[in-house]
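One structure is given here, and the rest of the page talks about it.
The values are calculated or read from the model by the stated rules, or taken from the named source; none is laboratory data. In this text, all values refer to a predicted model and were calculated from it rather than measured experimentally. Heads up, the Cβs are rebuilt from the backbone with ideal geometry, glycines too, and the neighbour counts pull from every protein chain shown. The area values use the complete protein model at the heavy-atom level, side chains included, leaving out ligands, DNA and RNA. Shrake-Rupley method; radii C 1.70, N 1.55, O 1.52, S 1.80 Å.
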There are 2 protein chains.
Amino acid sequence: MTSVDNTGTQRFVTCGELGAQDAGQRVAVRGWVNATRDHGGLIFIDVRDRYGVTQAVFDPRTSAREAYESAAHLRSEDVIMAAGTVRPRPAGTENANLSTGAIEVAADALTVLNKSKTPPFPLHGDADVDEALRMKYRYIDLRRAPMQRNIELRHRALKAARDYLDAQGFLEIETPMLIKSTPEGARDFLVPSRLHAGEFYALPQSPQLFKQLLMVAGFHRYFQMARCFRDEDSRADRQPEFSQIDIEMTFPTQDDVIAVIEGTLAHMFERALGTHVKTPFVRLRYDEALADYGSDKPDLRFAMKLSDFSPAFAGTEFKIFANELAKGHAIVGLVDASGAGRSRREFDTLVQTAAAEWGAKGLAWIAFASDGVKSSLPKAALTEAALTQVRAIGGAGEGDAVFFAADERAAAQAIAGKLRLHLGSERGLRDPARFEFCWVLDFPLFERDPESGALGPMHHPFTAPAPGQDLLTGDPLALRAQHYDVVLNGSELGSGSIRIHDPNVQRKVFELLGYSDEQVQQRFGFLLEAFAYGAPPHGGMALGIDRIIAIMVGAESIREVIAFPKNQRFQDLMIDAPSAVEPQSLRELRLRVDQPAQPSQPNQSRSQS
Amino acid sequence: MTSVDNTGTQRFVTCGELGAQDAGQRVAVRGWVNATRDHGGLIFIDVRDRYGVTQAVFDPRTSAREAYESAAHLRSEDVIMAAGTVRPRPAGTENANLSTGAIEVAADALTVLNKSKTPPFPLHGDADVDEALRMKYRYIDLRRAPMQRNIELRHRALKAARDYLDAQGFLEIETPMLIKSTPEGARDFLVPSRLHAGEFYALPQSPQLFKQLLMVAGFHRYFQMARCFRDEDSRADRQPEFSQIDIEMTFPTQDDVIAVIEGTLAHMFERALGTHVKTPFVRLRYDEALADYGSDKPDLRFAMKLSDFSPAFAGTEFKIFANELAKGHAIVGLVDASGAGRSRREFDTLVQTAAAEWGAKGLAWIAFASDGVKSSLPKAALTEAALTQVRAIGGAGEGDAVFFAADERAAAQAIAGKLRLHLGSERGLRDPARFEFCWVLDFPLFERDPESGALGPMHHPFTAPAPGQDLLTGDPLALRAQHYDVVLNGSELGSGSIRIHDPNVQRKVFELLGYSDEQVQQRFGFLLEAFAYGAPPHGGMALGIDRIIAIMVGAESIREVIAFPKNQRFQDLMIDAPSAVEPQSLRELRLRVDQPAQPSQPNQSRSQS
């Protein structure tokens, strides 16, 4: 350990390393005052650092007088150095909850290295501290044991990923952060140039194009823990800057990329958490994930698969179902095992939640109770044949309930999927200490914007179509992509694909997406140019670091695993960013800030600028 | 290895791994066509990847006809897969310069994975390619063997640093990149906020304050490979974004930090370069470095120390020297061993270089030639006593020359220091494959701006003064700092210091620097607040990654060790950044770009904006 000064013959130790075997040794501990106690003239000081807590005892009969008096005035979070002799704690006073609980330091010297004001919130226990206060005093918040653990675990997990990828022949290569703005998808953060005033760099939303160029450059296997930036409108648990494990490789099949990612994740969980992750992961087709779980990021910690109950109601006289089926829509539902015992009010609450939170037009249910069938559905729907088929399709028996959403198939699946998660949580089936990974494969290449109707890439325009498909003819929406998502416990950890490396295929995809030649040239001209100089087949993946670590530690928000996060308004409350800047700085950039519309005149139309 | 398709029973191998022991095996290699040769109907294709080059041979008698004809049409940089059987090369045709030079692949199958246009410059040899062309086609430039080596070595060196620091208990912690602008020193890059239009983030010039806050937060030992940004005016070999190994630790002495840095650097050189670095490094005081080497970043690959020749000319009748000495200035010089044989013209050239490039008012010399003393100095300066003393002070003998710069001591030292480097280069004493590290210690805490006369921090305002000095009284310029620079071969690799952790000392330093209370509060209020809540003593260092790697590989410019650097005008010529952005993007930021003054009217005064 390190020393501030070296006035004695003591050995500097951390607050986590002393045990019974050290009795009799002369040591010095340094750290924060975690707690003070005064018992019959003896002063007990718990000294804390990153490694643990060690008890120092000041005795008026043996400690130096100044040390004793100084100890009597210590307050929580003061920074001290205490020196003395290690001794076993008196029998019966050992603390088994503490790694150093068998010993104490009989302290005879004390140096106060810095004083502390009373912290703005308690550092121990689960007090529900206002998050804005935690953010403003993040340097204090980070001293709390869960935050220390989260940040250390993040380091261990990323170190494990780096070690694994290095061993697999991947080179970590830094790509630039001052790049070019592309008016795609989520918004870029812009960075005005001073040397070229009036022009702008953009911060990268990902190193996508650079990692593809690294493959063109022949680096074969690349990775980077890459900082990325997205100026999206605030959404729950989004950060304007975030980190991803960014990977790209040359000549891979989809299975090759999948194997590397599985190895990386397994190594991270093993080394950082001591958790063995079974590989290979389960693989689901995109269609299958939607049909069985109502989500392309299914939570596989519990079964409770969805079923298509449409056949049970074919020919029903219940108009709502009949109309939906006539439109080609579906009745998707799931069985709530032993759910028939719910009260009418409990059923009503679920129906209300579905409407209010999941966007359901309605949620129907049938309860196969021991005293008969109950249901939100009218008699017309509950024919004997229908009930028999519902039981058969869902595998439902006496005591079970069945829920139904009738809508366009995708919408019905989504609602049933949300209900599934709700029921899983309600029944305690979503244990944060269990980790169930899966792959979702065979995504569509394109999707249609529901509002504009325009064709867009389901992920990004560099994704290669699955082999054997014809881009030139037929329905673009029927094309499948060589794209794969990895999912853990219902959260998407990352996305990847085999990329297009043929400039003609890339041009064709841009064309299908409706880009003019000029737009293609301006935005992606350098990529097409690069593809003309011997671009190898390549593909890769990006894994969201913040999300992975949050799931590892069971955190509700990624803010719990980022040392200095922004709040949901993208502000840093500790340093007060963003903020106004000096007019001189803007003049050098040749920029002017337009005034906003006056908020005091709410009826005036808002300025367009 | 990975596969694109898997049509045969061959094993996929890299182009660098086959040897005599693989003879008889069926393999496939994938990579770029490095060269093609046609010898009597046999077609030889050198296939290249990151790992090496393997020769594939197509024989019209044994290769499939399509494969042979396809091979005949291959051109440099086409991407191919060639499959066949490994066999020893015919006796006498082995290539000892190639790791795979003992074998070749008798190829019977060929897949062209992508074609290449003719590259815009040759990939082999030392052709002097225009750097702008290299930058525009960086993905091709990076295929060249020296660039492949540089980027791979960079990965190995950083991996070694990470492994070492991890083993020493350092946690890698990511700090934010969207922070607050501080109007200090080099200029910040600003990032306009859209959610808070009219306000700005700034990109970090370093994680300095965040790493100090991590110490306040109790993380004990932190490091990060940190991207930093500085919007300085273009200077030779500067980049607007650069990377540093950023380190901070709690409770350290200066020696503790020094030991960690020496260990880190030694580990990097050992693992990435196979070079053993001797520790501990030489330590020089700042004053000593200036006196002996005329630089605070001395090149210790050669001795040739400076001397103060002032005593030799005390009482001289040569007016120029007499005047300088009367003003308290110094005559600093050095001995050019065996330099007396230079021609008058050679001496004149050196004198001209000193004036034109090093800012010398003049450079005098004395040559102790075998046929007598020659000199640029007038007789009045060359008294027997003066010559005797010059010989004694410099240790000069017959055949040596001595050079002199007379000026303010610091200026004279700087000129003599530059001459020393020049002579070292001239004599081949600056071997790029030798690595001589040193520490420079005991820097002044403050310096005075030569123009404004204002007191400024020599490094930054968070540097702790050396212990035992009184900040309140006496000359601030006499104060020493707990600051240390590590230097390699005449380049500064990094700077560090023990930081101030006492809020009162920090306030006092801000006051000495002339900050108003309001400025302090606005810029550093959160830091002083943090120091009031139990800030531990702490200190650290930052090492410039680009510079370290450049010296490791003997590169002239850091652009040679950065995958995608900007040019000296801070432009990325490949992607065309910075560039204009859509008016809509600016409107969302509530920004307007002012028009510049018309360049077509050069007599008009330039716009101030």
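Amide hydrogen proximity for A:GLU104: with H placed 1.01 Å from N in the peptide plane, the residues at 5 or more positions away or on another chain lying under 5 Å are A:ARG87, A:ARG89. Dipole orientation for chain A: of the candidates A:GLN352, A:ILE80, A:ASN567, A:ILE80 has the Cα lying most toward the positive pole (charges on Cβ; Lys, Arg +1; Asp, Glu -1). Among B:191-200, A:508-517, B:55-64, sorting by the average number of other beta carbon atoms lying within 10 angstrom of each residue, highest first, gives B:191-200, B:55-64, A:508-517. Between B:SER99, B:ALA401, B:HIS460, the Cα set farthest toward the positive side of the dipole of chain B (charges on each charged residue's Cβ, about the Cα centre) is that of B:SER99. Residues of region B:144-168 that bury at least 40 Å² of accessible area once all protein chains are present, compared with their chain alone (1.4 Å probe, heavy atoms only, ligands and nucleic acids left out), are B:GLN148, B:ILE151, B:HIS155, B:LYS159, B:ARG162, B:ASP166. Taking Cα centre as origin and charging only the Cβ of basic (Lys, Arg, +1) and acidic (Asp, Glu, -1) residues, the dipole magnitude of region A:3-114 rounds to 120 debye.
Amide H contacts of A:GLN25 (H built 1.01 Å from N, in plane; Pro and chain starts excluded): A:VAL86 sit under 5 Å, all sequence-distant by 5 or more or on other chains.
Here chain A has an Rg and Dmax of 30.6, 94 Å, counting Cα atoms alone. When you restrict to C-alpha pairs under 8 Å that are six or more residues apart and normalise by the size of chain A, the relative contact order lands at 13 percent. Once the Cβ-Cβ distance of B:ASP470 and B:ASP128 is raised to the sixth power relative to R0 = 51 Å, the FRET efficiency obtained is 0.30. Phi-derived couplings, Karplus 6.51 cos²θ - 1.76 cosθ + 1.60 at θ = phi - 60°, listed residue by residue for region B:164-179: 5, 5, 4, 5, 8, x, 7, 9, 7, 10, 7, 9, x, 9, 9, 10 Hz, with x used for Gly and Pro. Let me know the shape class of region A:302-426, please: from the alpha-carbon gyration tensor, a ≥ b ≥ c as square roots of the eigenvalues, rounded when a/c is under 1.5, otherwise prolate if a/b is greater than b/c, or oblate. Cα axes put region A:302-426 in the rounded bin.
Take the Cβ atoms of B:ARG75 and B:ALA410, set R0 to 60 Å, and the FRET efficiency comes out at 0.50. If only the Cβ of Lys and Arg carry +1 and only the Cβ of Asp and Glu carry -1, the dipole of chain B around its Cα centre is close to 1020 debye. Going by alpha carbons, how many degrees (0 to 90, nearest 10) lie between the helix axis of B:503-512 and the longest principal axis of chain B? With rounding to tens, the tilt is 70 degrees. In region A:19-51, comparing the full protein assembly with the chain on its own, the residues that lose 10 Å² or more of accessible surface at a 1.4 Å probe are A:ARG30, A:TRP32, A:ARG50, A:TYR51. According to the square roots a ≥ b ≥ c of the eigenvalues of the Cα gyration tensor, what is the shape class of region A:114-156, taking rounded for a/c under 1.5, prolate for a/b larger than b/c otherwise, and oblate for the remainder? Prolate is the answer for region A:114-156, as a/c is 1.5 or above and a/b outweighs b/c.
The calculated FRET efficiency for B:ALA532 paired with A:GLU152, based on their beta-carbon distance and R0 = 35 Å, is about 0.85. Taken along the Cα-to-beta-carbon direction at a fixed 7 Å, the label points for B:THR275 and A:VAL112 span 5.1 nm.
With a 10 Å cut-off around each Cβ of A:531-541, the average count of Cβ atoms from other chains is 6. Between B:ALA326 and B:GLU451, the distance separating the two model label sites (each 7 Å from Cα on the Cα→Cβ line) works out to 3.2 nm.
The slack between B:GLU317 and B:ALA433, meaning 0.36 nm per residue of separation minus the straight C-alpha distance, is 37.1 nm.
Across region B:276-284, coupling constants 3J(HN,Hα) worked out from phi with the 6.51/-1.76/1.60 Karplus curve, θ = phi - 60°, read 7, 10, 7, 10, x, 6, 4, 10, 10 Hz, and Gly and Pro carry x.
Calculated [222 nm] ellipticity per residue, helices only, for chain A: -8500 deg cm²/dmol; basis is -39500 (n - 2.57) per DSSP H run with n ≥ 4, divided by all residues, nearest 500. Computed from Cα atoms, the angle from the helix B:517-531 axis to the main principal axis of chain B rounds to 70 degrees. In the structure shown, the pairs A:LYS211/B:LYS115; A:LYS180/B:LYS159; A:LYS278/A:LYS418 are assessed against 25 Å; a Cα-Cα span above that value is assigned to A:LYS180/B:LYS159; A:LYS278/A:LYS418.
What whole-number distance in Å separates the alpha-carbon centres of region B:135-159 and region A:240-303? If we compute the Cα centre of each part, the gap is 30 Å.
Under a 5 Å amide H cut-off, with hydrogens placed 1.01 Å from N, A:ARG285 pairs with A:LEU441 among residues at least 5 apart or on other chains.
Taking Cα atoms only, the orientation of helix B:384-394 departs from the longest principal axis of chain B by about 50 degrees.
Taking 0.36 nm per residue of sequence separation and removing the Cα-Cα distance, the B:ASP594/B:ASN567 pair yields an extension gain of 7.2 nm. Equivalent ellipsoid of region B:3-114: semi-axes from √(5λ) of the C-alpha gyration tensor, largest first, are 18, 16, 14 Å. Based on protein heavy atoms only, the protein assembly as shown ends up with 41 Å² per residue of surface accessible to a 1.4 Å probe.
The Stokes-Einstein estimate for region A:375-517, based on a Kirkwood radius over Cα pairs and taken at 20 °C with 1.002 mPa s viscosity, is a diffusion coefficient of 113 µm²/s. Among the protein heavy atoms of chain A, carbon and sulfur supply 48% of the accessible surface, probe 1.4 Å, non-protein parts ignored. Spin-label model, A:ALA259/B:LEU42: points 7 Å from Cα along the beta carbon direction are separated by 3.4 nm. The candidates A:TYR286, A:TYR51, arranged from most to least accessible area with a 1.4 Å probe in the full protein assembly, appear as A:TYR51, A:TYR286. Using a 1.4 Å probe on protein heavy atoms only, how many Å² of accessible area do A and B hide from each other, summed over both chains and rounded to 100? When A and B are taken together, about 11900 Å² of accessible area is lost. Among the protein heavy atoms, those of B:TYR293 account for about 20 Å² of accessible surface (1.4 Å probe, every chain in place). Does the protein assembly as shown come out rounded, prolate or oblate, given a ≥ b ≥ c as the square roots of the eigenvalues of its C-alpha gyration tensor, rounded meaning a/c under 1.5 and, failing that, prolate meaning a/b above b/c? Here the protein assembly as shown falls in the oblate category.
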